[in-house]
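The values are calculated or read from the model by the stated rules, or taken from the named source; none is laboratory data. Being a predicted model, the structure only gives us computed values, none of them experimental. Note that each Cβ is placed from the backbone with ideal geometry, even for glycine, and that neighbours are counted across all protein chains shown. SASA here: full protein model, heavy atoms, side chains in, ligands and nucleic acids out. Shrake-Rupley method; radii C 1.70, N 1.55, O 1.52, S 1.80 Å.
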Number of protein chains: 2
Amino acid sequence: MTAEEIHAAIYSMGKTARNAAHALAQLSPEKKSEILKAMGQSLRSSAPEILEANKLDLAAGEEKGLSNAMLDRLRLDTARIDAIAGGIEQVAELPDPVGEELEHTSRPNGISISKVRVPIGVIGIIFESRPNVTSDAAVLCLKSGNATILRGGSEAIHSNKAIAKALQSGGEPAGLPEGAIQLIPFTDRESVKTLAGMDKYLDLIIPRGGKGLIETVVSLARMPVIKHYDGICHAYVDKDADLDLAISIIDDGKTQKPSVCNALETILVHQDIASSFLPQLAKRLDTRKVELRGDAATCQILPTATPATEDDWTTEYLDLIVSVKVVGDLDEAIKHINEHSSQHSEVIITNDTQAAQRFQSEIDSACVFHNVSTRFADGEEFGFGAEIGISTDKLHARGPMGLKELCSYQYRISGNGQLKDASRQSAL
Amino acid sequence: MTAEEIHAAIYSMGKTARNAAHALAQLSPEKKSEILKAMGQSLRSSAPEILEANKLDLAAGEEKGLSNAMLDRLRLDTARIDAIAGGIEQVAELPDPVGEELEHTSRPNGISISKVRVPIGVIGIIFESRPNVTSDAAVLCLKSGNATILRGGSEAIHSNKAIAKALQSGGEPAGLPEGAIQLIPFTDRESVKTLAGMDKYLDLIIPRGGKGLIETVVSLARMPVIKHYDGICHAYVDKDADLDLAISIIDDGKTQKPSVCNALETILVHQDIASSFLPQLAKRLDTRKVELRGDAATCQILPTATPATEDDWTTEYLDLIVSVKVVGDLDEAIKHINEHSSQHSEVIITNDTQAAQRFQSEIDSACVFHNVSTRFADGEEFGFGAEIGISTDKLHARGPMGLKELCSYQYRISGNGQLKDASRQSAL
């Protein structure tokens, strides 16, 4: 396709999505649940077609020499399709975020102002290899009243198309507006550029994938981007910490699932307890096969630790590796974190309430924990029911992003003829 | 200056601003008020220096051949400086938005989650000729705990520098952190580009000025931009409208201050009342010297109206001109507005509550009014105390933007040793 053809095709999808968004915003909560359930049903009954399509992607992936990990992300089977459909049915049951009155003000002049939650409009989702994102993202956007334009990676294009088709063909008889869920049916690079420039029709763009993808979208986008960057999460073990508790929280945060963004990457330890604490910590982490990379003070206490380089303090390992540093006091810990973290999630382990309060108010991160594992930085754990990701941005949505964060608001103002300057008119 | 020198200078300001932001976030409400009052005082006592600097700008402006309107925007006198200082003192008295608990959740596993309002961090403000923005913007950012980097237009550079100096020299002895308010002391175009690319230090950028400036910032910015675009505001006069009320509201909205973004630009009239209403409206607007540009149906009823072109439906006149169109029904009015408005402010005039509700829920604009002038789309009128502008964006802040909208939030989570998977540890 030429750049012009891509441009025309995507702008035409944008226009359709905008019309769909107006229709979606008016659907009742019951109607949306009904549509979602029909979509879940359709996904299950389309399993044979989806699995056929998935085979094409897997074959192409093998030919291209994709790694086993990549192929596994790509692979669908009946159980995975069932899980995706189950996810849709779960979202159908969640409370509807649209239409809730967030604030109400009555002004002295008699004007009444109501701040009401409304959908954002049209959301673009750019993602990489996992085909389940086609359904997960579209469904959360639909529940929050938004139209979506999806642009998946080339590796999963057949699977994505089959999933999108199942959602559309299941949803439309139940009342899904035409164009509410659209997948760009080609994967030319130009399509990302066109989508990111289409602020006429797109209100928000969410890149879901690696740092490279996010960087590309950030530099091209003319509309707001909500970024889900990496998590360089810290634990600080204070001098007044319960050391057993600290070891449990660090073990859980580092090793329970090292590949996720809320896993721990750096441990800071107060100097007063370092020599008693670090050997105990090393013993536990050794049973988990975690490599320790320490600063000079740490390596002195733990001679088996690898010396850390400057890069270690800003690396998201997503692996069984952790960097460890001894700090002089709480201030030094706060300073180190504010300078090196990715503002995702941090934890202090201490029995000193004042130290905990200072840590929580002085650390500029989305989630700041006290005596609890950072693995709880998650929409489900926060009670959001579902999440589209964890925002490392500070505007609009910060931290776990659920249905409410996929909404905007508007003011509805009522009066009985109030004028900015009534005197001008009575003077007529 | 070379591009490299500009880059180095602005990045150095960014780093200082980031440090200042951490300090600012910890200041008590009382301390911030104290600093603001000292800044107001300093501005008054620096009036002679500010007026001297302003003379340089005015002389340069005259030499450059700036219009009288431009020169008037640039001009300061004792009364204007007094008004700016008064504005600072007013902001000092407003409730502090930082630290308020927005939500509190206790999860079944005993974890307690507190969502707390915190400052955004470092905000870049790019503005054009009015020197008062130097103070107005910096002061609102300071009250909300944010550091600011200001980049004003070349026409006002001497005045801006003098105002920034007065704010800094007044604020610092009272406890203003160094670098909390910084003005870029040069106006090379490269500085806008550098600022817009500095997502390492800048959390948000707000362009205050014309469409051209906003467009430039939008295409360059790597961080969130909050846009204050134009207001193509509509009034729809329903068939069940009180016609006298409609005339008053349109007169107020169009003529009380035509140069502002919440002024009316297009009037839609239901066909059933058009022939009785339009002559009355024309009579009133004639006394205000307003030019009417009508569609065919309007021109048939009002032969003196100018025929409207397609462009008239998307023009923000900011002048004594209004476009008028007869519509078949409420649906056509809603459709026209959703297609042509800038999503700023619209009003329906009707006694039919159901029609008003449909209008308010189906129109996708920041402020949707019923029987009240659109001139009330304003932070002061909403009770915000002050506003930095009216956002035409849908993310983060929509409509009037006050101190709360200059803040982000963070989650502070407390527990007593909860782990994502405790079974792994007890199995050790």
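Structure summary
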{"item": "Mean ellipticity per residue at 222 nm, deg cm²/dmol - from DSSP H runs of n ≥ 4 across the protein assembly as shown, formula -39500 (n - 2.57)", "result": "-14000 deg cm²/dmol"}
{"item": "Cβ-defined net charge surrounding residue A:101, 12 Å radius [Lys, Arg +1; Asp, Glu -1]", "result": "+1"}
{"item": "Sum of side-chain charges, residue B:395 neighbourhood, beta-carbon under 15 Å (Lys, Arg +1; Asp, Glu -1)", "result": "+1"}
{"item": "Identity and axial distance of the chain A residue whose Cβ lies nearest the axis relating A to B, Å", "result": "A:396, 2"}
{"item": "Per-selection Kirkwood Rh - segment B:233-376 (Cα, Å, 1 d.p.)", "result": "14.5 Å"}
{"item": "Chain A: equivalent-ellipsoid semi-axes (sqrt of 5 x gyration tensor eigenvalues, Cα, Å)", "result": "42, 32, 19"}
{"item": "Shielding by partners - mean other protein chain Cβ count within 10 Å, residues of A:347-356", "result": "1"}
{"item": "FRET efficiency for residue B:59 and residue B:188, using Cβ-Cβ distance with R0 set to 22 Å, rounded to 0.05", "result": "0.55"}
{"item": "Average beta-carbon neighbours from other chains, 10 Å sphere, peptide A:357-370", "result": "5"}
{"item": "Cα centre as origin, Lys/Arg/Asp/Glu Cβ charges: the protein assembly as shown dipole, Debye", "result": "100 debye"}
{"item": "Most positive-pole-ward Cα, B:25, B:95, B:158, against dipole of the protein assembly as shown from beta carbon charges", "result": "B:158"}
{"item": "Carbon and sulfur %, accessible surface of the protein assembly as shown computed with the full protein complex present, 1.4 Å", "result": "49 percent"}
{"item": "Between segment A:154-170 and segment B:9-72, the Cα center-to-center distance that results, in Å", "result": "55 Å"}
{"item": "With DNA, RNA and ligands ignored, accessible area of residue A:353 (1.4 Å probe; Å², nearest 10)", "result": "90 Å²"}
{"item": "Segment B:233-376, dipole about Cα centre (Lys/Arg Cβ +1, Asp/Glu Cβ -1), debye to the nearest 20", "result": "500 debye"}
{"item": "Relative contact order %, chain B, counting alpha carbon pairs below 8 Å whose residues are six or more apart", "result": "17 percent"}
{"item": "Positive-end extreme of charge dipole, segment A:232-388 - chosen from A:368, A:259, A:285 (charges on Cβ)", "result": "A:285"}
{"item": "Accessible surface, per residue, of segment A:272-420 when the full set of protein chains is kept, probe 1.4 Å, Å²", "result": "36 Å²"}
{"item": "A:200, A:420, reordered so the largest accessible area comes first (probe 1.4 Å)", "result": "A:200, A:420"}
{"item": "Simple Cβ-charge dipole of chain B, Lys/Arg +1 and Asp/Glu -1, about Cα centre, in debye nearest 20", "result": "1520 debye"}
{"item": "Solvent-accessible ranking of A:89, A:63, largest area first, probe 1.4 Å", "result": "A:63, A:89"}
{"item": "Sequence-separation-based contact order of segment B:323-366, relative, with Cα cut under 8 Å and 6+ spacing, percent", "result": "46 percent"}
{"item": "Radius of gyration, Dmax [the protein assembly as shown; alpha carbons; angstrom]", "result": "28.8, 94"}
{"item": "Inter-copy label distances at residue A:64 (7 Å, Cα→Cβ; nm, one decimal)", "result": "5.3"}
{"item": "Simple spin-label estimate for residue A:178 and residue A:291 in nanometres, 7 Å along Cα-Cβ", "result": "5.7 nm"}
{"item": "Where B:151, A:75 fall by accessible area, highest first, once all protein chains stay in place (1.4 Å)", "result": "A:75, B:151"}
{"item": "Unit charges at the beta carbon, dipole of segment A:47-123: most positive-side option, A:83, A:112, A:59", "result": "A:112"}
{"item": "Label point 7 Å beyond Cα along the C-beta direction, distances from residue B:165 to other copies (nm, shortest first)", "result": "7.2"}
{"item": "Residue-level accessible surface for residue A:158, protein heavy atoms, 1.4 Å, Å²", "result": "80 Å²"}
{"item": "Accessible area in square angstrom per residue, segment B:124-237, 1.4 angstrom probe", "result": "28 Å²"}
{"item": "Cβ-Cβ FRET estimate between residue A:329 and residue B:31, R0 fixed at 22 Å, reported to 0.05", "result": "0.40"}
{"item": "Pairwise Cα inverse-distance average, inverted: Kirkwood Rh of segment A:281-335 (Å)", "result": "11.8 Å"}
{"item": "Area accessible to solvent at residue B:39, 1.4 Å probe radius, in Å²", "result": "0 Å²"}
{"item": "Per-copy distances of the residue B:354 label point, shortest first, in nm (7 angstrom along Cα→Cβ)", "result": "6.5"}
